[in-house]
Amino acid sequence: MRKEAALKENGSYNEDYKNVTASLFQDSLFFDPRDIVQVKYEMIRSVSNNEKPVTEVAKEYGFSRVSFYRNREMFDEGGLEALVPKKPGPKSAHKFQKDGKEFVVNYLKKKPGAKATEIARQMELTIGLKVHPQTILRFIQKKTSN
């Protein structure tokens, strides 16, 4: 159970592990169908060893043919690390762009000691942009460290 928790924590847990029917993953102490990185790697390795056609191998490992090619390309470009799933969601403050940043800078010129919660509240009231105070705090910290 600890391994499953660790896989979930680091984002490598294969939610569809029951779709992995490859014999390598059946009744093995080492090969674990819940480890998505291991499954992807072994799928790619299996095809590179010309064991079976891509369509058949992909199905045995719980993937589509298209997903196989996408994973192989990622592996070819970035190695094993590229097979580790990336966290979903936005990678940057997508709402907090030019208008929000300008508002924070101008507000801090008027009130240098203002707290992020106060700035967030005023930003929503003034320009209708709702931003989490933590986003504002990170922006202020980044701005003052440069």
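What follows is calculated from the coordinates using simple rules that are stated; it is not laboratory data. As the structure is a computational prediction, the values presented were derived from the model and not from experiment. For neighbour counting, all protein chains shown are included, and Cβ atoms are generated from backbone atoms with ideal geometry for every residue, glycine included.
Could you count how many Lys pairs in the stretch 2-83 have their Cα atoms under 21 Å apart, skipping same-chain pairs fewer than 8 positions apart?
9
In debye, nearest 20: dipole of the chain around its Cα centre with unit charges on the Cβ of K, R (+) and D, E (-)?
1240
Assuming R0 = 30 Å, can you tell me the calculated FRET efficiency for the pair residue 121 and residue 5, based on Cβ-Cβ distance, to the nearest 0.05?
0.20
Can you work out the FRET efficiency for the pair residue 67 and residue 30, with r the C-beta to C-beta distance and R0 = 22 Å, to the nearest 0.05?
E between residue 67 and residue 30, to the nearest 0.05, is 0.40.
Stretched out fully, how many nm does the piece from residue 51 to residue 130 gain, at 0.36 nm a residue minus the Cα gap?
Difference between extended and current length: 23.0 nm.
Rounded to the nearest 500, what is the 222 nm mean residue ellipticity of the chain from helices alone, with -39500 (n - 2.57) per DSSP H run of 4+ residues and division by all residues?
-17000 deg cm²/dmol
Taking Cα atoms of the chain, Rg/Rh with Kirkwood Rh, to two decimals?
Rounded to two decimals, Rg over Rh is 1.25.
Compute the signed sum of charges (Lys and Arg +1, Asp and Glu -1) over the other residues within less than 13 Å, Cβ to Cβ, of residue 38.
Combined, the nearby Lys, Arg, Asp and Glu give +1.
Can you list residues whose amide H is under 5 Å from residue 35's amide H, if they're 5+ apart or on another chain and H is modeled 1.01 Å from N?
Residues meeting the criterion, in which the H sits 1.01 Å from N, are 14.
Please compute one quarter of the surface area of the Cα convex hull for the stretch 98-145 and express it in square nanometres.
Projected area, direction-averaged: 2.9 nm².
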